[in-house]
Amino acid sequence: MNNILGIFRNSFSAPDVRSKLLFTAGIFVVFRIFAHIPVAGVDLVALKTLFTQNQFLGLLDIFSGGTLANFSVMALGLNPYINASIILQLLTLVFPKLEALSKEGETGRQKINQYTRILTVPLAVLQAIGMYALLRSQSIISLLDPISLIAFIITMTAGTMLLVWLGELISEKGIGNGISLLIFAGIVGRIPVIFGQTISTTTASNLFNMVTFLAMGLLVIASIVVINEATRQVVVHYAKRVRGNKMYGGQSTHLPLRLNQAGVIPIIFAVSIVLLPSLIANYLTASKNNALHAIATNITLWLNPDGFFYNALYFLLVVGFTFFYTAVIFNPKKIAGEIQKYGGFIPGIRPGNPTSQYLNFILTRITLAGAVFLGLIAIFPAITKLFANVQTFVLGGTGILIVVSVVLETIKSIEAKLVMRSYDKFSK
């Protein structure tokens with residue numbers, strides 16, 4: 001704790017880091033202001049009543065930072081952008097040109113980000129149309145004429161693109177990953193409201209359950225910190241090399257393989273995917289077609305957040321995305337090539353392909369442990385209901401994981417900026 005306080009104290013004493021922190025805080029303020037600007041024509045009282053009666057919509061509102069319950073211009077949140085990112089990353093594995101583009105360094109990443117932004121627009125349009133259909137079926141919004149409907153769709157889409165732009169501004173001029181920080185800000189912004197609702201419904205009979213839930217929450221936070229910081233140290237030796245009259249190498253170092261290489265990304269991806277069928281089903285339950293109505297009703301029952309099928313699917317998606325994203329960001333062949341290039345070797349392992357296979361062997365096993373942990377955190381609400389009957393505090397392990405992980409990554413980013421600044425001063 002003292003180390004964290006020291007990092008923040010030092011960050012405010014450094015002008016360049018302080019300006020980045022203040023810029024990020026300013027973006028948060030802009031985000032929260034837009035989160036309370038409602039779209040015209042929506043009955044907010046009826047909308048909030050619907051959200052209190054529907055646990056799925058309540059969970060969706062948490063990850064939108066309350067913009068959905070207020071039905072602000074940013075009500076769609078970052079879901080279209082996240083879905084576009086998932087689609088682009090999957091297409092990278094299918095199309096060689098996209099795969100080659102992803103390996104072109106910063107230029108390639110910028111092009112892929114541009115494609116992601118372009119794909120976000122039609123996805124946001126589709127989601128806006130679906131949102132209108134859902135609100136219309138619940139008599140929360142009046143029937144709009146074509147011009148008003150187009151204005152509604154453009155407003156919702158523009159809100160999402162504005163949110164994406166704010167996230168990219170944070171990544172470029174602020175501290176940390178902008179998209180993750182905006183999701184973090186949305187969740188944190190809803191915590192006081194959720195906690196207040198929980199306290200107001202807490203009685204003497206369920207006070208013990210509330211205390212049990214909070215104790216489990218603290219245990220989960222501690223576990224997340226431990227898992228996020230856990231690494232498998234692979235020893236790497238470097239052979240001695242003589243150049244002229246000087247000898248280089250001969251030392252040993254460690255290659256740290258994190259237990260959770262993918263961070264919070266698998267949870268965000270899995271949430272977007274697992275909520276999509278339920279969202280579509282909620283739209284179709286008002287359909288006059290009996291077959292569509294029956295299918296939508298069954299999907300809603302199967303994907304009930306308290307049900308076994310929903311939690312099993314959520315768990316498997318988190319595990320799958322953890323392996324997928326780890327494979328995207330960590331390339332054992334490239335690491336093995338870099339080690340061999342600089343004359344390094346892992347004791348007992350031949351350089352080149354055997355080193356790549358060895359790293360892949362280790363990475364697969366530690367990723368399995370990290371993926372199972374992330375999956376259990378994702379279904380934390382279902383687990384807690386077995387031990388503590390707390391119904392209103394629906395934030396769950398997913399929100400806790402995002403908040404804690406983003407805080408840890410942001411602290412590391414601030415610390416890296418401070419270290420870089422110290423090196424710059426030393427070099428001058």
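The values are calculated or read from the model by the stated rules, or taken from the named source; none is laboratory data. Everything numeric in this text was worked out from a predicted model, so none of it was measured. Cβ coordinates were reconstructed from backbone atoms using ideal geometry, including for glycine residues, and neighbour counts include every protein chain displayed. Areas reflect the complete protein model, heavy atoms only, side chains present, ligands, DNA and RNA absent. Shrake-Rupley method; radii C 1.70, N 1.55, O 1.52, S 1.80 Å.
Here's a check for you: in region 106-129, which residue that is under 19 Å from residue 327 (Cβ atoms) and of a type outside the set (Val, Ile, Thr) is surrounded by the fewest Cβ atoms within 10 Å (Cβ to Cβ)? The selected residue is 109.
A Cβ distance below 6 Å, combined with a sequence gap of six or more or placement on separate chains, defines the contacts here; from region 150-167, residues that are without any contact (Cβ under 8 Å) to a residue 40 or more places away in the chain reach residues that are surrounded by fewer than 22 Cβ atoms within 10 Å (Cβ to Cβ) and assigned to a helix (DSSP H, G or I) in the pairs 153/125.
Checking each residue in region 325-339 for being in contact (Cβ under 8 Å) with a residue 24 or more places away in the chain and closer than 15 Å to residue 102 by Cβ picks out 325, 328, 329, 330. The one condition from (1) touching a residue at least 60 places away in the same chain (Cβ under 8 Å); (2) closer than 15 Å to residue 254 by Cα; (3) touching a helix residue (DSSP H, G or I) at 6+ places or on another chain (Cβ under 9 Å) that residue 343 does not meet is (3). Could you figure out which of (1) surrounded by fewer than 21 Cβ atoms within 10 Å (Cβ to Cβ); (2) in contact with a Leu (Cβ under 7 Å, 6 or more places away or on another chain); (3) at pLDDT 85 or above isn't true of residue 330? Looking at each condition in turn, residue 330 falls short on (3). Against the criterion of being over 23 Å from residue 102 (Cα atoms), surrounded by fewer than 19 Cβ atoms within 10 Å (Cβ to Cβ) and modelled with pLDDT under 85, residue 349 qualifies. Would it be correct to say that residue 208 is modelled with pLDDT of 65 or more, over 20 Å from residue 401 (Cα atoms) and not basic (Lys, Arg)? Taking the combined requirement at face value, the residue satisfies it. Comparison of 135, 101, 163 shows that the only residue that is more than 30 Å from residue 45 (Cα to Cα) and either open to solvent by less than 70 Å² (accessible area, probe 1.4 Å) or at pLDDT below 80 (or both) is 101. Candidates in region 267-296 are the residues that are of a type in the set (Ser, Thr, Tyr) and either touching a Lys or Arg at 6+ places or on another chain (Cβ under 8 Å) or modelled with pLDDT of 70 or more (or both); of these, the one that is farthest from residue 376 (Cα to Cα) is 278.
When the residues of region 299-319 are filtered to those that are in contact (Cβ under 8 Å) with a residue 40 or more places away in the chain and within 25 Å of residue 262 (Cα to Cα), the one that is most open to solvent (accessible area, probe 1.4 Å) is 316.
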